[in-house]
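The values are calculated or read from the model by the stated rules, or taken from the named source; none is laboratory data. Source: prediction; values computed, not measured. Neighbour counts run over all protein chains shown; Cβ positions are idealised from the backbone, glycine included.
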Amino acid sequence: MTTPLTIEQLKADNLILLECLSGSRAYGLATPQSDTDIKGVFYLPRSRFYGLQSEYVPQVSNASNDIVYYELGRYIELLLQNNPNMMELLATPQDKVLYRHPLMDSFLPEWFVSKLCENTFAGFASSQIKKARGLNKKIVNPMAKEKKTLLDFCSVFAENHSIPLPEWLAQQPFSQRQIGLVVMPKTTQMYAMYVDYDGSLGFSGLMQKPEASQLRLSSIPKGMTPVGYLSFNEQGFSKYCKDYKDYWQWVAARNEERYQTTISHGKQYDAKNMMHTIRLLEMALDIATTGQVVVERPNREELLAIKAGESDYDELLQQSEQLTEQITAAFAKSTLPATPNHKVALAALVAVREQLYGAE
């Protein structure tokens, strides 16, 4: 069994080809609280590269994933897809490059910058906008930890008016376990309710367990008179269950420190997320108008103001929509190629590998 590659091994065996500061430090948006993220490129030892396909390692990272190195072939593959992270790594400002092997000069940026960036940069930004909208809804509409039951989505029609089932039950001398239900013919989610006052009829009740997802039906003796009629909003209950699961999974997975920062600025949206959304859109516009990937942003103070929560959520959405319209128009006029130059890039990859393994 092959031993997993580690960052320590990459460095000990001199397998690293490129190492750069990334994230906020590359963007020129670092603050005293910022982490130090590093991205880079390595190449596999000859034995692994020429060995079994299962031995190929596309990337190596540390436990927190803030230091990530991509294998040379994977790096070129992602560049040919105009992956934003790899395009930023390719165009890292010189003062943020920690190490660069001379062979990395074999890959020219102009081979990769293409109109495909409209989909990758602006498309990813669009997904972040949707994520921000979802987060905004979760912050504005928190869900109680105590989960509702299907009974909370039922109403009773009795004495010529409708009343929520829990409220109706609170007024009765019996519990839901004494009720027997039968489906009303030619209706959807409508039931007639009967009561087993002394428990001799063995009715099933409305539900057996709090986590039940369906109402229970009973066999009703002939001649009994219903005490009322019940309507079950099954669609509303299903949506609630999905929203409840999504919300509490989000609570369990969220970065609590970042969330508290979001709450503290009082604007009820993930300000860091929105800052990077605007940054990505502005980078996409740069690519369309100049053909360059500008990693270090010229409007540091403006972007940090967004991160600090100094902008209204709706204003940022409007700004992102305007930028998206500008990007679409700019790419339509752009003279950039439709896609990267696969032929030249792959030929250079082969030549670089030959030099690396030849040198070994």
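For region 220-242, does any single residue satisfy the condition of being under 30 Å from T31 (Cα atoms), of a type in the set (S, T, N, Q), modelled with pLDDT of 90 or more and surrounded by fewer than 14 Cβ atoms within 10 Å (Cβ to Cβ)?
No: zero hits.
Of these, P102, P32, which one is modelled with pLDDT of 95 or more and out of contact with any helix residue (DSSP H, G or I) (no Cβ under 9 Å at 6 or more places or on another chain)?
From the options P102, P32, the qualifying one is P102.
In the set N14, N62, which member is in the same structural domain as Y357 (by TED's automatic domain parsing) and at positive phi?
N14
Exactly one condition in (1) surrounded by 15 or more Cβ atoms within 10 Å (Cβ to Cβ); (2) out of contact with any Ser or Thr (no Cβ under 7 Å at 6 or more places or on another chain); (3) touching a residue at least 60 places away in the same chain (Cβ under 8 Å); (4) not hydroxyl-bearing (S, T, Y) is false for L98; which is it?
Tallying (1) surrounded by 15 or more Cβ atoms within 10 Å (Cβ to Cβ); (2) out of contact with any Ser or Thr (no Cβ under 7 Å at 6 or more places or on another chain); (3) touching a residue at least 60 places away in the same chain (Cβ under 8 Å); (4) not hydroxyl-bearing (S, T, Y), L98 fails exactly one: (1).
Among the residues of region 17-28, are any in contact with a Ser or Thr (Cβ under 9 Å, 6 or more places away or on another chain) and loosely packed, with under 13 Cβ neighbours inside 10 Å?
no
Consider L89 carefully, then state whether it is assigned to a loop (DSSP other than H, G, I, E, B), in contact (Cβ under 8 Å) with a residue 24 or more places away in the chain, surrounded by 19 or more Cβ atoms within 10 Å (Cβ to Cβ) and among the hydrophobic types (A, V, I, L, M, F, W, C).
no
Considering each of V68, V41 in turn, give the residue that is crowded, with 17+ Cβ neighbours inside 10 Å, free of Cβ contacts under 8 Å to residues at least 40 places away in the same chain and of a type in the set (A, V, I, L, M).
After applying the criteria, what remains is V68.
Could you say which residue among E71, E77, E118 is farther than 22 Å from K11 by Cβ and not assigned by TED's automatic domain parsing to the domain that holds E301?
E77
May I ask you to verify whether G205 is surrounded by 14 or more Cβ atoms within 10 Å (Cβ to Cβ) and either at pLDDT below 95 or assigned to a loop (DSSP other than H, G, I, E, B) (or both)?
Spelling it out, G205 is indeed surrounded by 14 or more Cβ atoms within 10 Å (Cβ to Cβ) and either at pLDDT below 95 or assigned to a loop (DSSP other than H, G, I, E, B) (or both).
Could you please give the count of residues in region 309-360 that are touching a residue at least 60 places away in the same chain (Cβ under 8 Å), over 15 Å from S106 (Cβ atoms) and among the small types (G, A, S)?
3
Output the residue which, of all residues in region 133-152 that are modelled with pLDDT of 65 or more and surrounded by 13 or more Cβ atoms within 10 Å (Cβ to Cβ), is farthest from the chain's Cα centre (by Cα).
Among them, the one singled out is L151.
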